[in-house]
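Remarks on the structure that follows.
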């Protein structure tokens, strides 16, 4: 890669394991950028270019998955992080994945609660990328929906294209993780047990707040997940309760379709969604949803019902 701009400095590199890699896609004054987050501050794309001399691309997917991230990652802990994160708005970390693949019925506590039989293979549906939005965005729902539901999910970001990969070889295919809310209009097309239509409305996939790289997570199968509605805990579970674990999910999916770098795979939701829990109320206009996954951060969104 050609080095341009500022002359690259000779540095004593720090091991990247000492630095928590959080990549956020951001916007300020209608100008989109991306950068690395540290202690409430951010090293933006322009700062990275200036400090390292590496002419990284404008598109975050190109940066992450086409070799540019590897070019600069050892220098990231030593950047000055000159911008305040609070000055930016969050966008969905990956803007244009080729696929958003979502698993259903993949938590043992959810399967038990819903009185289902555990599936042997992944039960999946696809969400359109137009459903993606970032933390603090509104979840905009048409007012003809009467049963709006939440689902906290661990999302995987693929870092490598793969096909027919064995479960034992999937570790290097995962670039990172983020929080994902699989918002669902449960009263839409429920009678024939299809998923896609009721989960595909614009803004029905809040995610973020950033991507945490896989090497920062010691055990992705032992993370606490929580959902709060207006401060009240609704979901409180662990990724340890997944039926199909992450390596098996990736392997089984790759036996059917080519998984591409930048694809998002969501891994199912635990118990205590509103569906089939009559003591819980479906989401209403103005409700605040906060979802957190241990070591990955949290997303917060407000429900907004609007006429069609």
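The values are calculated or read from the model by the stated rules, or taken from the named source; none is laboratory data. On a predicted model such as this, the values are computed, not experimentally measured, just so you know. In this analysis, Cβ positions are derived from the backbone assuming ideal geometry, glycine residues included, and neighbour counts consider all displayed protein chains.
Miscellaneous remarks
- Restricting the first member to the range 46-63 and to residues that are within 19 Å of residue 157 (Cα to Cα), and the second to residues that are assigned to a loop (DSSP other than H, G, I, E, B), the beta-carbon pairs closer than 6 Å and six or more apart or on different chains are 61/262; 63/56; 63/57.
- Criterion applied to 136, 150 was being at positive phi and within 19 Å of the chain's Cα centre (by Cα), and the one residue passing it is 136.
- Residue check, residue 83 closer than 17 Å to residue 155 by Cα and touching a residue at least 40 places away in the same chain (Cβ under 8 Å): no
Each row is one residue, and each column tells you yes or no for (1) closer than 21 Å to residue 135 by Cβ; (2) modelled with pLDDT of 95 or more; (3) buried (at least 19 other Cβ atoms within 10 Å of the Cβ).
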position	(1), (2), (3)
174	no, yes, yes
193	no, no, no
227	yes, yes, yes
234	yes, yes, yes
240	no, yes, no
248	no, yes, no
256	no, yes, no
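- Each residue in the range 292-304 was checked for being surrounded by 20 or more Cβ atoms within 10 Å (Cβ to Cβ) and closer than 22 Å to residue 146 by Cα, and 2 pass.
Here's the yes/no breakdown for (1) closer than 27 Å to residue 257 by Cα; (2) surrounded by 15 or more Cβ atoms within 10 Å (Cβ to Cβ); (3) touching a residue at least 24 places away in the same chain (Cβ under 8 Å):
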{"residue": "109", "(1), (2), (3)": "no, yes, yes"}
{"residue": "118", "(1), (2), (3)": "yes, no, yes"}
{"residue": "127", "(1), (2), (3)": "yes, yes, yes"}
{"residue": "131", "(1), (2), (3)": "yes, yes, yes"}
